[in-house]
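So the structure is just underneath, and the comments pick up after that.
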Amino acid sequence: MTNATATGDAPVRVRFCPSPTGNPHVGMVRTALFNWAYARHTGGTLVFRIEDTDAARDSEESYEQLLDAMRWLGLDWDEGPELGGPHAPYRQSQRMEIYADVARKLLDGGYAYPCYCTAEELEERREAARKAGRPSGYDGTCRTLTGEQIAAYEAEGRSHVVRFRMPDEPITFTDLVRGEITFQPENVSDYGILRANGAPLYTLVNPVDDALMEITHVLRGEDLLSSTPRQIALYRALAELGIGTGRVPEFGHLPYVMGEGNKKLSKRDPQSSLNMYREQGFLPEGLLNYLSLLGWSLSEDRDIFSMDEMVAAFDIHDVNGNPARFDLKKCEAINATHLRELPLKDFIAACEPWLHAPHAPWAPENFSQAAFEELAPLAQTRLTVLSDVTANVDFLFLDEPVRDEKSWQKAMKEGSDALLRTARAKLESADWSSAEALKEAVLAAGEEHGLKLGKAQAPVRVAVTGRTVGLPLFESLQVLGKEPTLRRIDAALTALS
Ligand code: GLU
Ligand code: ZN
């Protein structure tokens, strides 16, 4: 038994190495974040590598999305796409000759061997092993093929994959998150590194690049834990062949993220799609703050912090191995807190995209930045996500308020028309330079009809904004202005009659 990890005091080099398939998801972002935070905390290097060796599944669009996601999140990398670096290229599809060369050396050195078993043969033997209660991984049939046997298979026209020969001894390593882990040889069988067509597999290219790119710490999801003993064995073979640094990196496996019903969060869950958070207008720092809590915490009594604070405190050794529960409500609450904490001018700037096409429902010429900025401080205390801003201020910029049927039903009761008429009269003679005076006007109208302020202001709000909920009403009326307010009350009265 040998213990695998020995990075000594080499400067930290971590990597984020997604495959460009589909849309970025939160599990991926958490992995990127923890690697980034560890690199920044230690003054190390974050390598961004694109694992695009699976032409059938990888896409250029997904690659662009990955880069765009990292930029939006503010997770900057030190080597990788667009920046280059000493180990370029950082797209595996451009490194095929390297992998072919390494595979040849592994074959020549006896670390790997051709396997001629057909899919049917493998399946048959797997089934038999399962029935007999034996481990059902590859059984080593082709480990010791003679030259004659190989020639015979070739003559038959059989194709072969290439398998890595696992050592017949346990592999132990100390996971940075989970502590010491040992894999027994019977549970880690010889595995394919080249397909029958010669194309290299993830199992080869990932550790080869980690070795060549001098990665010191592999921080990734727990779903990859079972590939770690294979990679450690491959690393050792590479070291013996003089490929890479000769050191096996340390490994830290980040805990599973659980979604609804205590099932693992799936890429298909809507709340796992990064695009959803961007479309709803989460702040990158709000989303990252929440995702950092999936396996880590700054301190017991603090959920809200900046990325600078995370970087200052983050240590991979503090990550907790227990499954983390994904809680969208908490994510939203944390985002809302980050929104409140923005300096007003940053909040206003962050709202900008939501106030214009294609997000804004109003005619562009109706929009007034000045009017928006008057209400922005109030909006800032109420939004959960930036996209909410539109519905909070649309009454200012639409020719007519939205007509929300539920709100209308709720607010426009028997007698609402009488109340609205009184309120209109009092608002007409009120002092519009003071929101307090407008409130007094509606309060007084309510008193005449035996209604408390809350009940009295509901029809006014729905008449003017279209909705029962929104920003504080009297400031809203002020910003909208006296004439438009009275006109909308008139329109509501007409609708009610
Ligand atoms: N390309 C792999 C994936 O996206 C990377 C796994 C790893 O971090 O080693 O799952
Ligand atoms: Zn075989």
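The values are calculated or read from the model by the stated rules, or taken from the named source; none is laboratory data. Nothing here was measured: the structure is a model prediction, and the numbers come from that model. Glycine also receives a Cβ, built like all others from the backbone with ideal geometry; neighbour counts cover every protein chain displayed.
Structural remarks
- Among residues of segment 150-165 that are more than 30 Å from Ile232 (Cα to Cα), those with a beta-carbon under 6 Å from a residue that is surrounded by 13 or more Cβ atoms within 10 Å (Cβ to Cβ) at least six positions away or on a different chain give the pairs Tyr153/Tyr116; Arg158/Tyr116.
- Test for Gly259: is it within 20 Å of Pro323 (Cβ to Cβ) and buried (at least 16 other Cβ atoms within 10 Å of the Cβ): yes
- If you filter segment 122-141 down to residues that are farther than 15 Å from Ser189 by Cβ and acidic (Asp, Glu), you find that the one that is nearest to ligand 1 (Cβ to nearest atom) is Glu127.
- Residues satisfying the stated conditions in segment 32-58, i.e. within 15 Å of Pro249 (Cβ to Cβ) and in a strand (DSSP E or B): Thr45, Leu46, Val47
Each row is one residue, and each column tells you yes or no for (1) touching a residue at least 24 places away in the same chain (Cβ under 8 Å); (2) in contact with a Ser or Thr (Cβ under 7 Å, 6 or more places away or on another chain).
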position	(1), (2)
Gly242	no, no
Glu250	yes, yes
Leu254	yes, yes
Lys263	no, no
Ser272	yes, yes
Glu285	yes, yes
Phe305	no, no
Val319	yes, no
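- When Pro364 is tested against (1) more than 18 Å from Leu480 (Cβ to Cβ); (2) surrounded by fewer than 19 Cβ atoms within 10 Å (Cβ to Cβ); (3) within 27 Å of the chain's Cα centre (by Cα), just one condition goes unmet, and that condition is (3).
- Flag: Asp139 does not match the condition of being of a type in the set (Asp, Glu), more than 11 Å from ligand 2 (Cβ to nearest atom) and either in contact (Cβ under 8 Å) with a residue 12 or more places away in the chain or in a helix (DSSP H, G or I) (or both).
- Within segment 147-182, the set of residues being of a type in the set (A, V, I, L, M, F, W, C) and more than 16 Å from ligand 2 (Cβ to nearest atom) comprises Ala155, Ile171, Phe173, Leu176, Val177, Ile181.
- Filter pass, Trp432 being within 27 Å of Gln369 (Cα to Cα), out of contact with any Pro (no Cβ under 8 Å at 6 or more places or on another chain) and modelled with pLDDT of 95 or more: yes
Residue by residue, here is whether (1) within 15 Å of ligand 1 (Cβ to nearest atom); (2) within 21 Å of Pro200 (Cα to Cα) holds:
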residue: Ala32; (1), (2): yes, no
residue: Thr42; (1), (2): no, no
residue: Phe48; (1), (2): yes, yes
residue: Tyr63; (1), (2): yes, yes
residue: Glu79; (1), (2): no, no
residue: Arg91; (1), (2): yes, yes
residue: Ala100; (1), (2): no, yes
residue: Thr118; (1), (2): no, yes
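- Those residues of segment 106-119 which are assigned to a helix (DSSP H, G or I) and under 18 Å from Asn197 (Cα atoms), in sequence order: Leu106, Leu107, Ala119
- Options Ala350, Ala324, Ala360, Ala376; residue that is farther than 18 Å from Phe282 by Cα, at pLDDT 95 or above and not hydroxyl-bearing (Ser, Thr, Tyr): Ala324
- Tally of residues being within 20 Å of Tyr111 (Cα to Cα) and either within 16 Å of ligand 1 (Cβ to nearest atom) or assigned to a loop (DSSP other than H, G, I, E, B) (or both) across segment 142-163: 7
- Qualifying residue in segment 372-395 (condition: without any contact (Cβ under 8 Å) to a residue 40 or more places away in the chain, part of a loop (DSSP other than H, G, I, E, B) and among the small types (Gly, Ala, Ser)): no
- One residue stands out in segment 101-145 among those that are of a type outside the set (Val, Ile, Thr), surrounded by fewer than 15 Cβ atoms within 10 Å (Cβ to Cβ) and closer than 24 Å to Arg236 by Cα: the one that is nearest to the chain's Cα centre (by Cα), namely Asp101.
- Between Trp72, Trp36, the distinction of being more than 16 Å from ligand 2 (Cβ to nearest atom), under 30 Å from Phe282 (Cβ atoms) and buried (at least 20 other Cβ atoms within 10 Å of the Cβ) belongs to Trp36 only.
- For segment 15-30, the candidate set comprises residues that are under 18 Å from Tyr90 (Cα atoms) and of a type in the set (S, T, N, Q); within that set, the residue that is farthest from ligand 1 (Cβ to nearest atom) is Thr21.
- Elements of type strands (runs of 3 or more DSSP E) in segment 189-268, at least 1 residues being farther than 19 Å from Ala100 by Cα and aliphatic (A, V, I, L, M): 217-221, 250-254
- Test for Ala313: is it of a type in the set (Gly, Ala, Ser), surrounded by 15 or more Cβ atoms within 10 Å (Cβ to Cβ) and closer than 30 Å to Leu225 by Cβ: yes
- Contacts under 7 angstrom Cβ, first residue in segment 224-238 being without any contact (Cβ under 8 Å) to a residue 60 or more places away in the chain and within 16 Å of Arg163 (Cβ to Cβ), partner β-branched (Val, Ile, Thr) and within 13 Å of ligand 1 (Cβ to nearest atom), 6 or more apart: Ser227/Thr203
- Test for Leu283: is it under 20 Å from Leu386 (Cβ atoms) and at pLDDT 95 or above: yes
- Those residues of segment 304-333 which are acidic (Asp, Glu) and assigned to a helix (DSSP H, G or I), in sequence order: Asp308, Glu309, Asp318, Glu332
- Leu287, sole failed condition from (1) surrounded by 15 or more Cβ atoms within 10 Å (Cβ to Cβ); (2) more than 20 Å from the chain's Cα centre (by Cα): (2)
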